Structure formats: C-alpha cells, structure tokens
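Chemist: Pasting a structure here, questions to come.
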Amino acid sequence: MPNTPAHSPVSVLGLGLMGTALASALIKAGHPTTVWNRTESKTGPLVAQGATPAATARDAVTAGGPGGPGGPVIVCLTTNDNVRALLEPEAEALAGRTVVNLTNGTPGQARELADWAAAHGITYIDGGIMAVPQMIATPGAYILYSGTDEAAFATHRETLSALADTKWVGTDPGLAALYDLSLLTGMYGMAMGVAQAFALTGSEGLDPRDFAPLLTDWVIAMVHGNVSGMAEGLATGQHVTDVSNLAMNREAFPNFTAAFAEQGLRTDLFDPFQDLLDRAVEQGHGADGFSRLATLLKQG
Ligand code: FVH
C-alpha cells in the first residue's frame, strides 16, 4: 500500500474499549497500524484484523525505523497521568513526531502535556472524543482537536478523519478538553434531571417505559427552547425575559424538593439549584431568565 497521507502509518498506544475501536477504524481505512497495550493480550483481535503488535511502547513509537513512520502516534489511556508516565521515558524517541492524545482530561492537563512535548521537540495535539466506542467511524461521531501547531493537524487531518469527523477548535491546546468537558457537563446535567424524574415517577410505581416518551419529548423541547436563548442572553448581556423568570422559578422550586421528600426521595441533587436561584434573586436578577445563572457560577 503506498505511503500517501491517505494511508500513512499510525501507532496506537492504549487498547481499551476506545483505543481498540480507534485502531480498528484505522486498519479498516487502510492505514498500516502498529498497536501497543500495557496488557499485551488486548492486541490479539487487532492483529487478527491486520495490525502489527509492538512489544513495548518504545517499539510502537519508533515503528517504521528511526524517526518513526511520519504518521501520528495516537494515545488513548485512562487518564493523563497515565499518559505522562508512559510518554516521559519515550521523549527522545518521540522527538520530531506528532502525538495525538485522545485521553479525557482537563484543559490544564492538556496545556501541561503540550508544554512538556514542546520542550522535547514533540508536536502535541489534544483531542476530545464525542462518541462512544461503537460510534467510532460512523456518522454523527466527531473528535475535537486543539494544539499550538495547526499545520501539523492539517497534515494528519485525513488520517484522523478515519476515526470520526474532525473539529479543530483552536491553537490553545486546552480548548479541545474545554469543549469536551463543557459538552459532557450538559449531558451530566441532563442525566441528573432524568434520573430524578424517573425516581419521582418510580416512587408511585409508574412504569418507566410509559413515562420515557413524555420525558424524551419534554427534554428535547426544553433543550431547543433554552440553549440558544441562553447563548443569546450571555452574548448580548440582555438576560431579562418575558418567558420564565428567576423570581417565579425561585418560588416554584421548593415544590420540587418538597415533592421529592414527600415521595421518600433524596433532595441533594437539586438543593444547590435552589441556592443558586435564591442568590440570583437576592442579587437583583429576579426578572432575568436562566442565562443569568451562568454568570453566577464563578468561585469567590
Ligand atoms: N469509552 C467511552 O465511551 C469514552 C468515550 C469518550 C472518551 N473516553 C475516554 O477515552 C479514554 C479511554 O477510555 P476507554 O473506554 O478505552 O477505557 P478502558 O477500556 O478502561 O481502557 C483504558 C486503557 O488505558 C490503559 N492504561 C491505564 N492505565 C495505564 C498505565 N498506567 N499505563 C499504560 N496504559 C494504561 C489500559 O491498559 P490495560 O489496563 O488494558 O493494560 C487500557 O488500554 C479515557 O480517557 C476515557 O475517559 C472513552
């Protein structure tokens, strides 16, 4: 197979659920793929698909000879501490290469890894995967990328597009993690609300499958109504609303925590929201909509 950008060799370090899906997608797209995992047995299924196993992480990053094959070294481990511990001893071997780190972490961790890489002549691209392993290389999946060297990203973009759609978000290496965690924050907020809603209907023995369609439609409608409206309020500083203001919500909200308690449920997921509404109204923002709340979440 010719060593064109479309089929450039790639090394993948970390073959958990996600790393395995990533490596498999690269193999299917025709990239000569070298794989390494701390627990060696996880290389087996990928070798059966055509991957080359590396006995050590050093072998994986130097695959293709001195200076490596020119393709990216993709890393997907549990945490960025694991990444740092794995890559530090390989700094010399990685000099001149591009590391694409798809491990979930904080913006600060990404910036620290980028600084460490730059000090060793390594190009660092951070990524945030907006997909579960089963979605890799399917429509709808995308990966956010950021790093100081946008040209390096452009060089490897075609290779990376074998994994999922690519979204470049900027030259601050922390931005991919910031976007990733912000999107997941929205998801966790939704998960908390949905869990509490099922607990409330469940407290009367309602079948969750009967309630699910109502809840789905309601959540979707509320997302459509609220997210862009909040963005507009935040961007313009015009938070006043004629729809559902904070003063009204503050008065209504005790009904929720009271109902949870009446039904024998815990209230502690929702108690902080009452505190936030109280603070907003006490600071004179009663006529504002939910966008105001995002301005009241800074520490200090
Ligand atoms: N799975 C998912 O749905 C999400 C989707 C969004 C992105 N996340 C992040 O991806 C990272 C990896 O997730 P994963 O699902 O692949 O996780 P595991 O299946 O648990 O595999 C973890 C791999 O990390 C290796 N590993 C852990 N510690 C070390 C270490 N100290 N040195 C070297 N490798 C290490 C582990 O190796 P082993 O246990 O098999 O030997 C696995 O290869 C993660 O950041 C998610 O947040 C996934």
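Chemist: With both partners inside the chain, how many of the DSSP beta bridges are antiparallel, as a percent to the nearest 5?
Modeler: Looking only at bridges with both residues in the chain, the antiparallel portion is about 20 percent.
Chemist: Another question about this same structure. Testing the spin-label approximation: label points 7 Å from Cα along Cα→Cβ at Thr171 and Thr138. State their distance in nm.
Modeler: Placing both labels 7 Å along Cα→Cβ, they lie 3.8 nm apart.
Chemist: Over all directions, average the projected area of the Cα convex hull of segment 113-254 and note it in nm².
Modeler: 12.9
Chemist: Between Arg58 and Arg209, 0.36 nm times their residue separation minus their Cα-Cα distance comes to what?
Modeler: 49.3 nm
Chemist: Per-residue counts of other Cβ atoms within 10 Å, averaged by peptide: what ranking do you get for 246-258, 152-164, highest first?
Modeler: In descending order of packing, they fall as 152-164, 246-258.
Chemist: Also, I was wondering about something else. Putting +1 on Lys and Arg Cβ atoms and -1 on Asp and Glu Cβ atoms, find which of Leu206, Phe253, Thr39 reaches farthest to the positive end of the dipole of the chain.
Modeler: Working it through, the farthest residue towards the positive pole turns out to be Thr39.
Chemist: In what sequence, largest accessible area first, do Trp116, Trp168 appear using a 1.4 Å probe?
Modeler: On the way: Trp116 25, Trp168 50 Å².
The most accessible residue leads, giving Trp168, Trp116.
Chemist: So who's got an amide H within less than 5 Å of the one on Met130, skipping anything under 5 residues away but keeping other chains? H placed 1.01 Å off N, in plane.
Modeler: Here Tyr142, Ile143, Leu144 satisfy the definition.
Chemist: Around Thr216, with a cut-off of 14 angstrom between Cβ atoms, what is the net charge of the other residues, counting Lys and Arg +1 and Asp and Glu -1? Before the final figure, lay out the partial values.
Modeler: Working: positive: Arg209; negative: Asp210, Asp217.
Computed value for this residue: -1.
Chemist: Next up: If each residue of separation counts as 0.36 nm, what is the full-extension length gain between Ala195 and Ala247 once their alpha-carbon separation is subtracted?
Modeler: On the way: separation 52, 0.36 × 52 = 18.72 nm, distance 2.58 nm.
Residue separation times 0.36 nm, minus the Cα-Cα distance, leaves 16.1 nm.
Chemist: Modelling each spin label as a point 7 Å along the Cα-to-Cβ direction, I'd like the Tyr188/Asp275 distance in nm, to one decimal.
Modeler: It is 1.6 nm.
Chemist: Please list, in order along segment 95-106, the HN-Hα scalar couplings obtained from phi with the Karplus expression 6.51 cos²θ - 1.76 cosθ + 1.60 (θ = phi - 60°), rounded to whole Hz, x for Gly and Pro.
Modeler: Karplus-based 3J(HN,Hα) across segment 95-106 equals 3, x, 9, 10, 9, 10, 9, 9, 6, 5, x, 8 Hz.
Chemist: Using modelled amide H (1.01 Å from N, peptide plane; none on Pro or chain starts), what sits under 5 Å from the amide H of Thr34, excluding residues fewer than 5 places away?
Modeler: Here Val10, Ser11, Val12, Thr52 satisfy the definition.
Chemist: Which of the three applies to segment 5-171, rounded, prolate or oblate, going by the alpha-carbon gyration tensor with a ≥ b ≥ c and a/c under 1.5 meaning rounded?
Modeler: The shape class here is rounded.
Chemist: Tell me the mean residue ellipticity at 222 nm calculated for the chain from its helices only (DSSP H runs of n ≥ 4, each -39500 (n - 2.57), averaged over every residue, nearest 500).
Modeler: Taken over the chain, the calculation gives -15500 deg cm²/dmol.
Chemist: So what J values fall out for segment 130-147 if you push phi through Karplus, 6.51 cos²θ - 1.76 cosθ + 1.60 with θ = phi - 60°, rounded to Hz, Gly and Pro as x?
Modeler: Once rounded to whole Hz, the list reads 9, 5, 9, x, 5, 8, 4, 6, 10, x, x, 7, 8, 10, 8, 10, 8, x.
Chemist: So, in nm, how far is label Thr216 from label His120 when the simple model puts each one 7 Å beyond its Cα toward the Cβ?
Modeler: So the label points at Thr216 and His120 sit 4.7 nm apart.
Chemist: Right, something else. Please report, in Å, the Rg and the Dmax of segment 180-276, where both are computed over Cα atoms only.
Modeler: 15.1, 45
Chemist: Taking all protein chains in place and a 1.4 Å probe, what share, in percent, of the accessible surface of segment 162-292 do carbon and sulfur account for? Don't jump to the answer; show the numbers that get you there.
Modeler: Details: 4850 of 7900 Å².
Carbon and sulfur: 61 percent of the exposed surface of segment 162-292.
Chemist: Right, here's the next one. Using a simple charge model, +1 on the beta-carbon of Lys and Arg, -1 on the beta-carbon of Asp and Glu, nothing else, what dipole does the chain show about its Cα centre, in debye to the nearest 20?
Modeler: 820
Chemist: Same structure, new question: Does the chain come out rounded, prolate or oblate, given a ≥ b ≥ c as the square roots of the eigenvalues of its C-alpha gyration tensor, rounded meaning a/c under 1.5 and, failing that, prolate meaning a/b above b/c? Please report the intermediate quantities before stating the final value.
Modeler: Numbers: a/c = 2.66, a/b = 2.00, b/c = 1.33.
Judged from the Cα gyration tensor, the chain comes out prolate (a/c at least 1.5, a/b above b/c).
The values are calculated or read from the model by the stated rules, or taken from the named source; none is laboratory data. Since the model is a prediction, treat every value here as computed from it, not as a measurement. Positions of Cβ are backbone-derived with ideal geometry, glycine not excepted, and every protein chain shown enters the neighbour counts. Remember, those area values only see protein heavy atoms, side chains included, never the ligands or the DNA or RNA. Shrake-Rupley method; radii C 1.70, N 1.55, O 1.52, S 1.80 Å.
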